[in-house]
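Taking it in order: structure first as structure tokens, then the write-up.
The values are calculated or read from the model by the stated rules, or taken from the named source; none is laboratory data. In this text the structure is predicted, and so the values were computed from the model without any measurement. Quick reminder, even Gly has a Cβ in these numbers, built from the backbone with ideal geometry, and neighbours come from all protein chains shown. Just so you know, the surface numbers come from the protein's heavy atoms only, side chains and all, with ligands and any DNA or RNA stripped out. Shrake-Rupley method; radii C 1.70, N 1.55, O 1.52, S 1.80 Å.
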Amino acid sequence: MTKTQPEIFYTDPRLAQVYDTLNPWAADQQFYTELAGHLPKRILDMGCGTGLLAVELARRGHTVIGADPAAAMLDIARNRPDGDRVTWYLADASSLTLSDPVDLIVMSGHAFQVFLNDVDVEAALNNYFKLLAPDGTLAFETRNPAYSSWRKWTPDISYEEITVDGIGTVAVHNDIVEGSRNRVSYETHFAFPDGTKHVGIGHLRYLEVDEVTAHLNKAGFAKIALYGDWDGNPVADDRPEIIAVAQKS
């Protein structure tokens, strides 16, 4: 998302084709859609990937910008039905510039976790603050480190077979390379029907609740709400998410 190069899951055109089937519309996209509301807004979907959320927001009457550093993902986004309703940018979170401010910035799919150090986090948040209009809102989620969801990313638990249009049945599973409370490296294995296999390695950072708040405050965000799940419950050790909704003021 920043100057760190995107992972192979997003840059390899064949793996990018698998992404939507692995990640269909879910509670996070619904949350951000409801957050956007019914009145037309100018919205930036940062780390938009294949454009599932961005296009839906545009269909609902918003002016939407989708930005992502992975060209293979944007190729899918541009060509999905109604993809022409969105303005697409090949850009990362720290370097994106826009001619006009936006009312809402969203990051879904735990994209915030690819910021692996404080420099990347601060560069992204500082740029978001600049891109937002007065009283604009930033919303994103990061997995709760206390919940340790990555412990289930083992081959036996994560294995699934999915049917991808134009490809066929693809077998997918995860495996942990190294895991701790705040740092996780993992492999995702793909087996295609033609016998070819791909292995992508991902790296994620898990920020603590107080770190999320501190970074937002440092960037200038004052009004911050945090949730522990997509139903709006408070953050707690037994809830999987840290969902931040922060207002520029």
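Within region 88-111, restricting attention to residues that are closer than 28 Å to residue 202 by Cα and surrounded by fewer than 15 Cβ atoms within 10 Å (Cβ to Cβ), the residue that is farthest from the chain's Cα centre (by Cα) is 97.
Looking at the structure I just gave you, is residue 72 surrounded by 15 or more Cβ atoms within 10 Å (Cβ to Cβ) and within 23 Å of residue 179 (Cβ to Cβ)? When the stated conditions are applied, residue 72 does not pass them. Look at (1) open to solvent by 60 Å² or more (accessible area, probe 1.4 Å); (2) over 23 Å from residue 225 (Cα atoms) and you find that residue 64 fails only one, number (1). Of the residues in region 123-140, how many are touching a Leu at 6+ places or on another chain (Cβ under 9 Å), open to solvent by less than 40 Å² (accessible area, probe 1.4 Å) and closer than 18 Å to residue 225 by Cα? Of the residues in that region, 7 qualify. Looking at 77, 67, just one residue is aliphatic (A, V, I, L, M) and under 25 Å from residue 166 (Cβ atoms), and that residue is 77. Here residue 223 qualifies as farther than 17 Å from residue 182 by Cα, among the charged types (D, E, K, R), in a strand (DSSP E or B) and open to solvent by 30 Å² or more (accessible area, probe 1.4 Å). Among the residues making up region 232-249, those that are touching a residue at least 40 places away in the same chain (Cβ under 8 Å), closer than 19 Å to residue 107 by Cα and open to solvent by 30 Å² or more (accessible area, probe 1.4 Å) are 235, 240, 247, 248. For the structure I just gave you, tell me whether residue 82 is under 19 Å from residue 142 (Cβ atoms) and either out of contact with any Pro (no Cβ under 8 Å at 6 or more places or on another chain) or open to solvent by 50 Å² or more (accessible area, probe 1.4 Å) (or both). Taking the combined requirement at face value, the residue does not satisfy it.
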